[in-house]
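J.: Structure below; questions to follow.
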Amino acid sequence: MKSFEELGVNEPLRKAVEELGFETPMPIQERVIPRLLGDANDIVALAQTGTGKTAAFGLPVLQRIDAGIRCPQALVLAPTRELCLQISSDLVDYSKYIPGVKVIPVYGGSSIESQIRSLRAGANVIVATPGRLIDLINRGVVKLDDVNTVVLDEADEMLNMGFLDSIEEILSHVPEEHKTLLFSATMPADILKIAKRYMRDYEEIVVGTRNEGAENVRHIYYMVNARDKYLALKRVVDNSPGIYAIVFCRTRRDTQEIADNLIRDGYNAEALHGDLSQQQRDIVMKKFRDRVVTILVATDVAARGLDVSDLTHVINYGLPEDTAVYTHRSGRTGRAGKKGVSIAIIHSREKGRLREIERIIGKTFEHLEVPTPEHIIEKQLYNLADRLEKVKVNEEGIAKFLPGISRKLEWLSEEDLIKRVISLEFNRLIDYYKDAPKIDFIDAKPERDRSRKGGERKGSKAHERPADDKEKDRRTAARGMERVYVNVGKRDGFFAGNLIEALNKLVQGKRVDVGRIDLLPSYTLFDVSKKDARKVVGALTGADFFGKRLHSEIADKDRDYSRLSDKKKKGRKQ
């Protein structure tokens, strides 16, 4: 294996990447870097996300920059603002020891005026989403007359998002004499059409084989009845201490519902889908990157361009229709030489689709039984023991408290003490899984897991409520509860997770127990215990939800809140 120096990377760039932890080039870097630094033809590179492709094109692009010329010399196109920002951040890190090089990201959903000011101050490399770049070109702010290198990153995603016309428009402004690099995780026919139309004598570089799954990813599937998929998801999560995962769903509705159920059942989860505003999306992503949220439930569209390191699992809550989509999903774990797991939770009708994906990606899925309660509890107990072994003890800080604690606990034997430590952490888990049946799909109809114990609050499985419960008057509270109204709903980007978060943040004292939640387009009704109702109304009223002032009240079962919301909307329009 060659070193970065042997590939032709100069000393300032080598110094920067060594500080970032790069020791030896990855396969894609070893093949692309010398070609881009030399006189090679255009390049079409087939490589999974996470294989080191940003450095593969970023290092030679930066080395070819003349920092004394204050105009764009390289252009990188990316499908989403998240990927745009990630690439830009990486290029800035790589160019740390190259004086004067300016990398500017431009993307939609942010102030165009501030981006214009940055560009007018001078830019050597522009990293852009297609739509915003065309806007800046049309305004005369960006001129691509001196661009010598164009990189199309995640080209298959850009095609999926309908950017073909935009790419053609942008390339028409680039000088004919330039080098083009096209990176793609999969190689659909449309990619080859772009290559033949816009690239000259291109060389195709394939790391792995066409459309195959990432090498370090283990592919697993669980088969259950459709109605038991959420229960299977919970068992998979409970069986994976330290999980850091994305759960992929097909629809926005499924995404929000599953995230809401996970939140109510005590997991650190959030939803990411197209109904969220850009501000809400940014907040969710920051929480996920900071690991405040450890399970992100997302649609494929919302997760495009999302670059997060060290994912332990990708969970497919059902299989996508397009194999390329599965390849993109599974490629988000098992990056940079680390191991990852891609899990599919399917029902029997998806078995044929699974076999088709296996055939195309050249990988075999392992069929495992859904983790049993005994296995989950054992796994969690050993994880607790491991954490106890590795916990850092502040000997000096704790010393003065030990004599008193020792006297208080001296009547307990070592075995009794261990039992109590374990019970403190695991009583809820043990109670929840007590007498829980197997839920794997078999020919005979399996018994349904109806346990409502432990972390699952009343109402947490909205998708399992009986039909007559769903038809209840939304304005009537359950027995022992009070119905509360708040003037935000789905149209405002307000979902159950936002409600739980607001209550935890705004209501002082003991955590509020929330019952049934009905999310409507312009308002929300939810149940809380009668003793908490007034406190909840007082906490919510006057609070801010992304610029909207909240109003809350005890719901009047005879009042039609949909008409109230309509009147308020009409009043605002007049």
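J.: Could you go through the stretch 119-129 and let me know if any residue there is part of a helix (DSSP H, G or I) and modelled with pLDDT of 90 or more.
T.: The answer is yes; a qualifying residue exists.
J.: Got at least one residue in the stretch 21-41 being farther than 21 Å from ILE126 by Cβ, aliphatic (A, V, I, L, M) and within 26 Å of the chain's Cα centre (by Cα)?
T.: Yes, the stretch 21-41 contains at least one residue that is farther than 21 Å from ILE126 by Cβ, aliphatic (A, V, I, L, M) and within 26 Å of the chain's Cα centre (by Cα).
J.: Which of the following residues is over 25 Å from HIS273 (Cα atoms), assigned to a helix (DSSP H, G or I) and either among the small types (Gly, Ala, Ser) or at pLDDT 90 or above (or both): ALA539, ALA478, ALA502?
T.: Sole residue among the options that is over 25 Å from HIS273 (Cα atoms), assigned to a helix (DSSP H, G or I) and either among the small types (Gly, Ala, Ser) or at pLDDT 90 or above (or both): ALA539.
J.: Does ASP146 satisfy the condition of being of a type in the set (D, E, K, R), in contact (Cβ under 8 Å) with a residue 60 or more places away in the chain and farther than 24 Å from VAL92 by Cβ?
T.: No.
J.: Could you grab me the full set of residues in the stretch 71-110 that are of a type in the set (A, V, I, L, M), in a loop (DSSP other than H, G, I, E, B) and in contact (Cβ under 8 Å) with a residue 40 or more places away in the chain?
T.: ALA78, ILE98
J.: I need the full set of residues from the stretch 7-31 which are under 20 Å from ILE205 (Cα atoms), outside any helix (DSSP H, G or I) and modelled with pLDDT under 90, in order please.
T.: Result: THR24, PRO25, MET26.
J.: To continue, here is another question. Can you tell me which residue within the stretch 344-360, out of those that are in contact with a helix residue (DSSP H, G or I) (Cβ under 6 Å, 6 or more places away or on another chain) and not in a loop (DSSP other than H, G, I, E, B), is farthest from ALA232 (Cα to Cα)?
T.: ILE360
J.: Next question, about the same structure. Restricting attention to the stretch 284-329, and to residues there that are under 16 Å from ILE258 (Cα atoms) and not aliphatic (A, V, I, L, M), which single residue is surrounded by the most Cβ atoms within 10 Å (Cβ to Cβ)?
T.: If we take residues in the stretch 284-329 being under 16 Å from ILE258 (Cα atoms) and not aliphatic (A, V, I, L, M), then ASN316 is surrounded by the most Cβ atoms within 10 Å (Cβ to Cβ).
J.: Can I ask one more? Only one of ILE283, ILE263, ILE243 is of a type in the set (A, V, I, L, M, F, W, C), at pLDDT below 95 and over 14 Å from the mean Cα position of the chain (by Cα). Can you tell me which?
T.: After ruling out the rest, the residue left standing is ILE263.
J.: So GLY100 fits all but one of (1) open to solvent by 40 Å² or more (accessible area, probe 1.4 Å); (2) at negative phi; what number is the exception?
T.: For GLY100, the exception is condition (2).
J.: Does the stretch 376-392 include one or more residues that are under 26 Å from ILE346 (Cβ atoms), open to solvent by less than 100 Å² (accessible area, probe 1.4 Å) and in contact with a Lys or Arg (Cβ under 9 Å, 6 or more places away or on another chain)?
T.: Looking for residues that are under 26 Å from ILE346 (Cβ atoms), open to solvent by less than 100 Å² (accessible area, probe 1.4 Å) and in contact with a Lys or Arg (Cβ under 9 Å, 6 or more places away or on another chain), one finds at least one in the stretch 376-392, hence yes.
The values are calculated or read from the model by the stated rules, or taken from the named source; none is laboratory data. Model, not experiment: these values are computed from the prediction. Methodologically, a virtual Cβ is constructed for each residue, glycine included, from the backbone with ideal geometry; neighbour enumeration extends over all protein chains shown. The area values use the complete protein model at the heavy-atom level, side chains included, leaving out ligands, DNA and RNA. Shrake-Rupley method; radii C 1.70, N 1.55, O 1.52, S 1.80 Å.
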